[in-house]
Amino acid sequence: MISPQTRDAGMRSFRGSSSSPRRAFSLLELVIVLGILVTLSAIAVPKYARSLARYRTEAAARRIKAELTLARRTAKISGASLTVDAFEYQAILSEAPYQATIISADFDGDQTVVFDPYGIPDNGGSVVVQVGATQRVVVVDGDTGRSEVLKSQ
């Protein structure tokens, strides 16, 4: 049989020392940590949103550039003229991952560019793509037909 003193000593060692106070976070400490997390979130979330807008705009501009390059090459390979309407890509660009809008397409007053059988456009011009406040411009060279995405300033 176990004596009451032995049983009490065993319970004390299981629960911890009865003389040491329990350690926990105070309400003040939790409020301070929560305040720090809210402050950091308030700084990080807008930066993340701007970064995501820049990424989406760049991706959409590169997509337009790739489509123009493909049209130019297709015209050269097929030996036939090919017309590209920049606003035909609005449906593709409005969906994920781009979620972008074509603001303008100007090829000497027209929204279309025609590549001849040699891959030369009828006019040079540009397409402006926007996500949020971020814009990128895709430029088509009127002499060569090559397109490029202009760097933002």
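Give me D for the stretch 92-153 in µm² s⁻¹, whole number, from Stokes-Einstein with Rh from the Kirkwood sum over alpha-carbon pairs, 25 °C and 0.890 mPa s. Show your work: numbers first, answer last.
Details: Rh = 12.4 Å.
Answer, rounded: 198 µm²/s.
Hey, if you drop one equal point scatterer on each alpha-carbon of the chain and run the Debye formula without solvent, what base-10 log of I(q)/I(0) do you get at q = 0.09 Å⁻¹?
-0.48
Taking the Cα centre as origin and putting +1 on Lys and Arg beta-carbons and -1 on Asp and Glu beta-carbons, what dipole magnitude results for the stretch 27-149, to the nearest 20 debye?
Values: 12 positive and 14 negative charges, 112 e Å.
Result for the stretch 27-149 is approximately 540 debye, rounded to the nearest 20.
First measure r as the distance between the Cβ atoms of Thr74 and Ala96, then evaluate 1/(1 + (r/R0)^6) with R0 = 30 Å and state the FRET efficiency to the nearest 0.05. Intermediate results must be reported in sequence, preceding the final value.
On the way: r = 27 Å, r/R0 = 0.89.
So the FRET efficiency works out to roughly 0.65.
So if each residue of separation counts as 0.36 nm, and I subtract the Cα-Cα distance between Leu52 and Ser81, what length gain in nm does that give?
Values: separation 29, 0.36 × 29 = 10.44 nm, distance 3.73 nm.
Full extension of this stretch gives 6.7 nm more.
Among Val131, Leu34, Leu82, which residue has its Cα furthest toward the positive end of the charge dipole of the stretch 27-149, with +1 on Lys/Arg Cβ and -1 on Asp/Glu Cβ?
Value computed over the given set: Leu34.
Please turn the phi angles of the stretch 60-75 into ³J(HN,Hα) values with the Karplus equation 6.51 cos²θ - 1.76 cosθ + 1.60 (θ = phi - 60°), one per residue in order, whole Hz, x for glycine and proline.
5, 5, 5, 5, 4, 4, 5, 5, 5, 5, 5, 4, 4, 5, 5, 4
Cut-off under 24 Å on the C-alpha distance; same-chain residues fewer than 8 positions from Lys65 excluded. Which lysines are left, in chain and number order?
Correct list for Lys65: Lys76, Lys151.
Please order Leu93, Leu82 by the number of other Cβ within 10 Å, starting at the fewest.
Leu82, Leu93
No value in this document is a laboratory result; all are computed from the given coordinates. The structure presented is a predicted model; accordingly, all values stated were derived computationally and were not measured. Methodologically, a virtual Cβ is constructed for each residue, glycine included, from the backbone with ideal geometry; neighbour enumeration extends over all protein chains shown.
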